[in-house]
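Here is the structure we will look at.
The values are calculated or read from the model by the stated rules, or taken from the named source; none is laboratory data. Keep in mind that what you see is a predicted model, and the values were worked out from it rather than measured. Cβ: placed from backbone, ideal geometry, glycine included. Neighbour counts: every protein chain shown. Areas reflect the complete protein model, heavy atoms only, side chains present, ligands, DNA and RNA absent. Shrake-Rupley method; radii C 1.70, N 1.55, O 1.52, S 1.80 Å.
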Amino acid sequence: DIGEEFAVKNLLERLEIFEKPLKGIFHLAGILDDATLPEQDWNHFEKVFRPKVYGSFYLHQYSKNLDFFVMFSSIASSLGSPGQSNYAAANAFM
């Protein structure tokens, strides 16, 4: 689970131990949990933040010596649609 710090750290450390060098990462998390702002609660944000915010941060924090690290975000961070405040915030972080 890309949103679990231990899982990401463990995977990247295991690749290093077993001499399977990771040359690059493409992070393409796309998940929606739309609701108008008054209907949003932390669960709506958490569902979108786990793969996008936490996942991109953990990959950045624990990866080493990469040739490339590409994160795909969305224009929703600037031109978001109604009901996508959580998605816009997550993409702005990325």
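Overview of results
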read-out	value
Apportionment of accessible area to carbon and sulfur, the chain, percent (1.4 Å)	58 percent
Under 5 Å, built H, 5+ apart or other chain: amide partners of Met71	His27
Low-density loop positions, chymotrypsin sites (Phe, Trp or Tyr not before Pro), the range 1-74 - DSSP coil, at most 10 other Cβ in 10 Å	Phe18
Distance-filtered residues of the range 1-33 - backbone nitrogen under 18 Å, label point 7 angstrom along Asp41 Cα→Cβ	33
Mean separation of Cα contacts under 8 Å, 6 or more apart, over the residue count of the chain: relative contact order %	38 percent
For Glu16, net neighbour charge (Lys/Arg +1, Asp/Glu -1) across residues whose Cβ lies under 14 Å away	+3
Computed magnitude of the charge dipole of the chain (debye, nearest 20; Cβ of K, R +1, Cβ of D, E -1)	320 debye
Within the chain, helix-based [θ] at 222 nm, where runs of 4 or more DSSP H residues each add -39,500 (n - 2.57), nearest 500	-12000 deg cm²/dmol
Label point distance in nm, Phe93-Leu22, each placed 7 Å from Cα along Cα→Cβ	1.8 nm
